[in-house]
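Throughout, read-outs are computed from the coordinates displayed, never taken from laboratory work. Because the structure is predicted, anything quoted here is derived from the model rather than measured. Quick reminder, even Gly has a Cβ in these numbers, built from the backbone with ideal geometry, and neighbours come from all protein chains shown.
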Amino acid sequence: MTNNRTFSVLLEMRPALDGHAGIPQETRLLFRGLCECPSIEVEGLLQTSLAFLAPGAADEPAREPDMTLAAVRERTRVVVSMDKPRPKGIWATVRTYVRSRRTAYALALSALLRPARAHVRLTRFAPRGFEEFVWRRLFEKTLPADDFKIVTARDLRVCTVPWNVLQSAGLLTLKFRREAIYPRIALDRAGVFIAQTPYPGRIPDDVAFVVRYHDAFPIMMPDTIANKVRHQATHMHALVSNAKSGAYFACVSETTRQGLIALLPEVRDRSVTIHNMISADFRETNAPADRVKQIVRLRITPVGPLNPTFSTTESRERFYADALDRQPFKYLLMVSTIEPRKNHARLLAAWSTLMADRDPSIKLVFVGNAGWGSEVLTQEMRAWIDTGALFVLSGVPAEDLCTLYRHAVATVCPSLAEGFDYSGLESMASGGVVVSSDIAVHREVYGDATEYFDPHCTRSLADAIGRVAYDDGAELRRSELKALGRQMAPRYRPKHILPQWERFLGAISAGKAGIGR
């Protein structure tokens, strides 16, 4: 810490409403980490991607007590608006669409005609009395129960307008301008605002604006993402607007930072690298190898195309007996959403090669939900799933994931590109062996604590797995990698990363220029 001055931080929490890993996980860990910093008073910004929220209490210094009937009623409305199911039926869908478009056009018009005026005002949500709701919706998927009181004691601000509607408002102004102009957001009493991706709003000049920048894939690799045209447009125009407004960029890796600077050289002195944190939940445990079979059976994807099909209860029990119980359960592990950029297909091909050439008993375990563009791969996986050779798990808690990492023949990280990549570090922290694609960010984050392979070559991946599992000297190599992993993983613990955030946020809050390196 550079000084004793306390300053306020408002952190965007929208990603935490979604899945387990990646940006949602980073959002939860960062909020929890900032709660530990004595120089920072952190609050969260409550906003959804698609749903309009009810307003909370007026965000004023002089406010009524949190537990009056009127105050509780306001917060109840916010909770109900967040938990409403998506509208069903043609007329409900039309009403939602019309409301979104009407709001977007109104905000776009205001931004064009009154650019200096605040168009979106925030309200307040005090968690007192609603701690269980805040915990379940925002934090439970990542944080341990010990953090409950810490993160649910912090106030939240409510943005009633969905993130996607703000995006649409900015894009609509392109009909009249060469550069998008986004709605201005009123951020009273916030010293620093941290957005988890390029943000579709303009921030007051007296508030330091930080974009947590994960990657430029929507711009540089649009073929690997869903809704290509929309996703690329929202990312690029918001990014340009944020940069032009003087935002700072806290990049999750130096690889990501250099990619950002290549696109926008003017942000070099307003960008830093602060790596993601890994949760303290990932550590070496004494869970026995047999526990893996229980985890697989309990956490196997329950429905859909990635689930084994059974005609009877007897057939299900026979399937699990054959697949799990009649031999030692040896497996390769991959933890990631199933989508093209993650390169599951390469691992599937290398695993098939290993089964044919070296070890017919080796299983493959994927942990993650099916994402965009996974339909073809899902069809290829189907036959392996039904034979009990491939298992797809979901909703695996950290404690069980530690066990999977520790007992895997190897955790494979085969991505074609990444902004950071948690799974290799989580495996190292859990005492596992990591095999990873030879890409820049893996070299930066994993160092020598992994066995590298060419992500475009099936044989290269099969050979890399062989070096840690089957070749002469494999046991020695495994021991070396585990020892290196035990040295590497602690560098990404909160106690090493949080001081970097304190120094960075303290510097920009104090108005110091040239924070880039």
Handout entry: Burial ranking of peptide ranges 162-170, 370-378 (average Cβ count within 10 Å, highest at the top)
Key = 162-170, 370-378
Handout entry: Span-rule helices in the chain, defined as complete DSSP H runs reaching 27 Å or more along the axis (Cα) with Kyte mean at least 0.0
Key = 90-113
Practice task
At q = 0.12, 0.17, 0.19 Å⁻¹, work out log10 I(q)/I(0) for the stretch 291-492 with the Debye formula, treating every Cα as an identical point scatterer and leaving solvent out; two decimals please.
Solution key: -0.56, -1.16, -1.47
Fill in the blank from the handout: Check: C-alpha center the stretch 419-455 vs C-alpha center the stretch 253-302, spacing in Å is 10
Exercise for the section: Tally the DSSP beta bridges in the stretch 291-492 and give the antiparallel ones as a percent, rounded to 5. Expected result: 5
Practice task
Show me 83-91, 353-361, 430-438, 413-421 ranked by packing, highest mean number of other Cβ atoms within 10 Å first.
Solution key: 430-438, 413-421, 353-361, 83-91
Fill in the blank from the handout: the stretch 147-193 and the stretch 22-63 have their Cα centres apart by a whole-number Å value of 12
Problem - Value of relative contact order over the chain, rounded to a whole percent, pairs C-alpha under 8 Å and six or more apart - result: 14
Handout entry: Cβ-placed point charges (K, R +1; D, E -1), dipole of the stretch 147-259 about Cα centre in debye, nearest 20
Key = 300
Exercise for the section: Looking at the chain, send over the antiparallel percent of its DSSP beta bridges, to the nearest 5. Expected result: 10
Handout entry: Computed [θ] at 222 nm, helices only, for the chain once each DSSP H run of length n ≥ 4 contributes -39500 (n - 2.57)
Key = -12500 deg cm²/dmol
Problem - Per principal axis, descending, Cα span of the stretch 55-196 in whole Å - result: 51, 42, 32
Completion exercise
Across 10 Å bins beginning at 0, the whole-percent shares of Cα-Cα pair distances in the chain come to 4, 18, 27, 26, 17, 8, 2, 0
